[in-house]
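These notes concern the structure reproduced below.
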Amino acid sequence: MASWALSQPSGAAPAGRGVQAGVSAHAGAQAPGPLVQPAQLQALLQRGAALRIVDLREPDDYAAGHLPGAVDAPYARWRSGADNPGKLLPLDSFVHLVRSLGLRDTDQVVLVSAGGDPSDFGAPARVYWTLKWLGMRHLSILNGGMQSWKDAGLGGLQTATPRVQPSDFVAHPDDALLATRAQVLRAARAPEASRVLLDARPVAFWEGKAKAPAALAPGTIPGSVDFDNLRWFAQGGGALASPAVLRAIASGLPAQEQQARQTISFCNTGHWAATNWFVLSELLHRPGVRLYPGSMVDWSRHDEPMTQVPSRSDQLWAQLKQTWHSR
């Protein structure tokens with residue numbers, strides 16, 4: 001791989017098109033699925049598949065070495081401000097970003113993160129969801145990100161920044177993927193057999209023993225079920241487990257999830273929740289799975305009903321302990 005990649009003219013191809021654009025990545029057996037393994041991606045690149053690789057790492061990491069043709073699109077560019085990080089950007093902001101990366105709705109896009117730990121997987125999962133919501137359909141995530149690429153002993157990284165030809169992308173939002181705050185409230189009040197509210201956070205958050213800094217109160221949405229996204233990473237590290245293992249893990253979901261008309265995935269800011277959404281919707285093909293982008297930060301800031309909320313004195317005591325341990 002290293003000798004092949006280094007033989008290509010640096011910066012010769014338009015950004016993200018792969019080193020050669022003559023082979024469609026959608027065609028037949030070459031089309032990658034939602035989750036692509038490092039060796040699969042290497043083979044696609046070596047065959048000259050027309051891929052648009054989007055690197056979500058920090059700019060310094062990108063500059064130190066990235067996959068051939070990858071464009072620099074740090075995860076923070078896809079997120080809102082610190083007061084409500086999971087809130088969707090205005091639609092025109094997303095369109096401007098996608099166009100600036102040269103992406104079109106017919107492109108095969110591969111999302112690459114740093115990898116290395118389960119939480120990092122939320123970045124490509126959230127951007128995958130965002131692009132699919134915007135109307136793109138040919139999307140993949142490199143399982144385990146750049147860490148898995150390096151762990152597999154694959155080289156061929158480049159440091160040159162490719163040229164980008166802006167696209168004329170037009171968004172067609174698919175609201176079947178989105179759960180708004182109002183929809184979540186209706187779901188919380190609906191019979192439990194009709195929906196599943198899936199809390200992707202570590203159990204301490206679900207129990208009200210911890211909260212995100214931007215959330216106004218600890219607790220969870222009434223009627224929600226604890227299903228920490230960490231469960232999907234049975235082998236450790238930042239790569240998802242095999243399909244058979246994922247199916248076995250999913251058997252631990254509430255029985256009604258199999259028949260429910262909708263499953264709404266949430267967390268603190270729609271980051272961990274994106275992993276639950278990705279596995280259930282894209283890999284296990286469960287119908288009716290939606291993501292609540294703003295999640296508990298958005299929910300708590302709009303004074304919506306919550307459960308598992310500790311008393312005020314308990315909250316103050318928890319803050320004091322946190323302050324003490326942080327010294």
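The values are calculated or read from the model by the stated rules, or taken from the named source; none is laboratory data. Please read all numbers here as calculations on a predicted model, not as lab measurements. Ideal geometry is used to build each Cβ from the backbone, glycine not excepted, and the neighbour counts take in all protein chains shown.
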If you check Pro218 against the conditions, is it in a loop (DSSP other than H, G, I, E, B) and surrounded by fewer than 18 Cβ atoms within 10 Å (Cβ to Cβ)?
no
Taking the residues in the stretch 275-300 that are among the charged types (D, E, K, R) and under 16 Å from the mean Cα position of the chain (by Cα) as candidates, determine which candidate is surrounded by the most Cβ atoms within 10 Å (Cβ to Cβ).
Arg290
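Anything in the stretch 136-170 that is among the acidic types (Asp, Glu) and under 19 Å from Pro59 (Cα atoms)? List them, or say none.
none
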With the condition kept exactly as written, say whether any residue in the stretch 175-197 is of a type in the set (Ser, Thr, Tyr) and either at pLDDT below 95 or under 26 Å from Gly33 (Cα atoms) (or both).
yes
Kindly indicate whether any position in the stretch 264-274 is under 20 Å from the mean Cα position of the chain (by Cα), surrounded by fewer than 18 Cβ atoms within 10 Å (Cβ to Cβ) and over 18 Å from Ala187 (Cα atoms).
no
For Thr263: the one exception among (1) of a type in the set (Val, Ile, Thr); (2) part of a helix (DSSP H, G or I); (3) under 30 Å from Asn84 (Cβ atoms)
(2)
The stretch 102-191: helices (runs of 4 or more DSSP H) wholly inside it with 2 or more residues that are among the aliphatic types (A, V, I, L, M) and either in contact (Cβ under 8 Å) with a residue 12 or more places away in the chain or out of contact with any strand residue (DSSP E or B) (no Cβ under 9 Å at 6 or more places or on another chain) (or both) are 122-134, 181-189
Considering only residues of the stretch 275-303 that are of a type in the set (A, V, I, L, M) and in a strand (DSSP E or B), which is nearest to Pro218 (Cα to Cα)?
Leu291
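One line per residue, one yes/no per condition, for (1) hydrophobic (A, V, I, L, M, F, W, C); (2) modelled with pLDDT under 95; (3) within 22 Å of Arg137 (Cα to Cα); (4) not assigned by TED's automatic domain parsing to the domain that holds Trp277:
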| site | (1), (2), (3), (4) |
| --- | --- |
| Glu58 | no, no, no, yes |
| Gly69 | no, no, yes, yes |
| Leu111 | yes, no, yes, yes |
| Phe121 | yes, no, yes, yes |
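Being more than 11 Å from the chain's Cα centre (by Cα) and on the phi > 0 side of the Ramachandran plot: is that true of Gly116 here? Walk me through it before giving the result.
Values: more than 11 Å from the chain's Cα centre (by Cα): yes; on the phi > 0 side of the Ramachandran plot: yes.
Yes, satisfied.
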Looking at (1) among the aliphatic types (A, V, I, L, M); (2) farther than 16 Å from Gln42 by Cβ; (3) surrounded by fewer than 21 Cβ atoms within 10 Å (Cβ to Cβ), which is the only condition Ala152 fails?
(2)
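Across the stretch 104-133, which residue is surrounded by the fewest Cβ atoms within 10 Å (Cβ to Cβ) among those that are closer than 22 Å to Val170 by Cα and among the charged types (D, E, K, R)? Reasoning before the result, please.
Step one: of the stretch 104-133, the residues closer than 22 Å to Val170 by Cα are 104-111, 124-133.
Filter once more, keeping what is among the charged types (D, E, K, R): 104-105, 107, 126, 132.
Details: Arg104: 15, Asp105: 17, Asp107: 24, Arg126: 27, Lys132: 20.
Step by step, filter the stretch 104-133, then rank; the result is Arg104.
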